[in-house]
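Here is the structure we will look at, set down as structure tokens.
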Amino acid sequence: MTDDDALRLTGGMPLGGTVKVRGSKNAVPKLMVAALLTGEPVVIHNVSQIFDTWLVSELLDTLGCATAQPADGQLRIEARDIHPAATRDLEYFHTRSRIPVLTCAPLLHRVGEAELWKPGGCSIGERPVDLHLEVLRAFGATSERTETGFKLTARAGGLRGAVVELKYPSVGATEQFLLGAVVATGDSELRNAAMEPEIIDLISMLQRMGALITVQPDRAIQVTGVSRLRGVSHTAIPDRLEAASWASLALATDGHITVSGVRQADLGTYLNVYRRAGGEFDFSSDGSEVTFRRERSMLRPLVIETDVHPGFMTDWQSPMITALTQAEGVTVLHETVHENRLGYSKALSALGAQMQIFTECLGRTRCRFGSRNHRHSAVVVGPTKLQGTTVQVPDLRAGFSYVLAALVAQGDSTVTGVSLLDRGYENFREKLLGVGVKLR
Ligand code: EPZ
């Protein structure tokens, strides 16, 4: 670990200032992958300088694209002549992120073959790729087991339209479906699809490229394949996960944090929970800027269950629960999306929080983790005075919570492994300074 990888912070003070968020970490890399579907230039705007966009730029170059580095949040990709990547390159990319999995459908379309690796990324659960494989096989790709996953080959004539019903509305598998169906021959339908705003953003960009996609109200997506997609200039939606992280920091420290570059509609469920917890927010008239603050001096405890969109998203969970260590009473959490997302409870306990983890489903839904002994529910009793200490970041969203907890805690803390936060937070240290954090 380098010194760069540790933050030494002093907590216990209300924070205030302005933070600008740019394009969503969970949208931009997928928009970049979609550029593989056309030989014409694709320009994406509102791109932030974070690890995931750097990695996908590098991946696209390895596949033969010409990508121009983001400047002023702009990224230009031209995928005129692309080719499969070498095995050592595949290993490099697939062990670092889940995004490379999404190149399978475009590569099957453009070069007739692809490899589906079991991907890396945050350690928040097993995160299999069976649903991606199911989608790709339905498009007619044949699969052969390899040491690292599956080698896929498109049938002669390319991908063909298919009807697929997902057993769970997976974000990634829905994206894989879209990236294949738009260029497959004939009609396709995905049932039980994910409908996250990041997916709708991908659909919007594909539509501008010439795709024919209809979103039905019952979690179904219908696509009529087209023979050719064209280039596009598209602005990515703002990062609703990052916006909520800074909002939780304002709530926890009793500060005033303004987040600019946001879209209210993507934050609807979070804002309701924020207000119920005793927070308040004021939007600018055009809705692109919002100031988060506390309305009540003592926060209220809540019952929170994470879910697919439009539910309370899993990535909002750890910063909000960390803030609720300061609420008066018992908060109950049921995590239903990723089975291993409560690892941060150890660090919170080390700082003095009272948080207990359960394998039972402590919510109104009996989720798929309850019968499998996963530690996926939590009870937090507050308010507790947190005391500064040293903690090690285990994954991206939990990482923010560690920083948040350290900023609520009295005294000094050291948070190590903070480079993980570069995956999703652009200029993280500068933003902390911008809201008044004292970095030592
Ligand atoms: C995306 O991951 C996001 N990542 C995650 O954000 C986010 O938590 C998640 O969607 C849910 O909103 C990116 O967009 C890069 P899923 P993804 O497929 O697509 C199971 C962050 O911090 N599943 O909807 O991988 C899976 O194990 C990251 O920004 C299968 O069983 O999520 C999980 O339990 C973390 N088989 C559930 O579905 C599959 O083939 C949801 O996963 C695929 C998924």
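Put simply, of Leu108, Leu116, Leu55 the only residue that is within 16 Å of the ligand (Cβ to nearest atom) and part of a helix (DSSP H, G or I) is Leu55. Within region 408-425, restricting attention to residues that are part of a loop (DSSP other than H, G, I, E, B) and under 18 Å from Val47 (Cβ atoms), the residue that is farthest from the ligand (Cβ to nearest atom) is Tyr425. The residues of region 384-407 that are part of a strand (DSSP E or B) and either in contact with a helix residue (DSSP H, G or I) (Cβ under 6 Å, 6 or more places away or on another chain) or over 25 Å from Asn340 (Cα atoms) (or both), listed by number, are Gln387, Val391. For region 272-291, what are the residues that are in contact with a Lys or Arg (Cβ under 8 Å, 6 or more places away or on another chain) and assigned to a loop (DSSP other than H, G, I, E, B)? Correct list: Ala277, Gly278, Gly287, Ser288.
If I filter region 221-241 down to residues being under 30 Å from Val273 (Cα atoms) and in contact with a Ser or Thr (Cβ under 8 Å, 6 or more places away or on another chain), which single residue comes out as surrounded by the most Cβ atoms within 10 Å (Cβ to Cβ)? So that I can check it myself, show each step before the final result.
Just the residues of region 221-241 that are under 30 Å from Val273 (Cα atoms), to begin with: 221, 235-241.
Checking which are in contact with a Ser or Thr (Cβ under 8 Å, 6 or more places away or on another chain) leaves us with 221, 236-241.
Numbers: Ile221: 22, Ala236: 28, Ile237: 23, Pro238: 26, Asp239: 30, Arg240: 28, Leu241: 25.
Going through the qualifying residues, I end up with Asp239.
Assessment of region 84-103 against the conditions (of a type in the set (S, T, N, Q), within 16 Å of the ligand (Cβ to nearest atom) and loosely packed, with under 15 Cβ neighbours inside 10 Å) yields at least one matching residue. If you go through region 144-188 and pick out every residue that is outside any helix (DSSP H, G or I) and closer than 14 Å to Arg228 by Cα, you end up with 7.
In region 412-427, the residues that are closer than 9 Å to Arg8 by Cα reach residues that are surrounded by fewer than 21 Cβ atoms within 10 Å (Cβ to Cβ) and among the charged types (D, E, K, R) with C-beta atoms within less than 6 angstrom, at least six apart or across chains, in these pairs: Thr414/Arg8.
Scanning region 5-40 for residues that are more than 16 Å from the ligand (Cβ to nearest atom) and assigned to a strand (DSSP E or B) yields Ala6, Leu7, Arg8, Leu9, Thr10, Gly11, Gly16, Gly17, Thr18, Val19, Lys20. Among the candidates Asp130, Asp218, Asp187, the residue that is surrounded by fewer than 17 Cβ atoms within 10 Å (Cβ to Cβ), among the acidic types (Asp, Glu), over 24 Å from Phe51 (Cα atoms) and within 12 Å of the ligand (Cβ to nearest atom) is uniquely Asp130. Scanning region 393-405 for residues that are at pLDDT below 90 and of a type outside the set (A, V, I, L, M, F, W, C) yields Pro394, Asp395, Arg397, Gly399.
Filter region 194-246 down to the residues that are in a helix (DSSP H, G or I) and under 15 Å from the mean Cα position of the chain (by Cα) and list them by number. Pro197, Glu198, Ile199, Ile200, Asp201, Leu202, Arg240, Leu241, Glu242, Ala243, Ala244, Ser245, listed by residue number. Within this structure, Leu190 passes the test of being touching a residue at least 24 places away in the same chain (Cβ under 8 Å), closer than 20 Å to Val129 by Cα and touching a strand residue (DSSP E or B) at 6+ places or on another chain (Cβ under 7 Å).
Scanning region 1-60 for residues that are within 16 Å of Ser245 (Cβ to Cβ) and among the basic types (Lys, Arg) yields a total of 3. Residues of region 143-184 that are surrounded by fewer than 18 Cβ atoms within 10 Å (Cβ to Cβ), within 19 Å of Pro217 (Cα to Cα) and without any contact (Cβ under 8 Å) to a residue 60 or more places away in the chain: Val163, Glu165, Lys167.
Filter region 328-344 down to the residues that are surrounded by 23 or more Cβ atoms within 10 Å (Cβ to Cβ) and more than 16 Å from the ligand (Cβ to nearest atom) and list them by number. Residue satisfying the conditions is Thr331 alone.
Based on what the data block shows, is Ser377 farther than 16 Å from Gly11 by Cα, modelled with pLDDT of 95 or more and of a type in the set (Gly, Ala, Ser)?
yes
Taken together, the residues in region 398-424 that are of a type in the set (D, E, K, R) and more than 17 Å from Ala353 (Cα to Cα) amount to 2. Selection over region 328-373 of residues that are more than 17 Å from Ser318 (Cα to Cα) and part of a loop (DSSP other than H, G, I, E, B) gives a count of 11.
The values are calculated or read from the model by the stated rules, or taken from the named source; none is laboratory data. Please read these numbers as outputs of a predicted model, since none were measured by experiment. Glycine also receives a Cβ, built like all others from the backbone with ideal geometry; neighbour counts cover every protein chain displayed.
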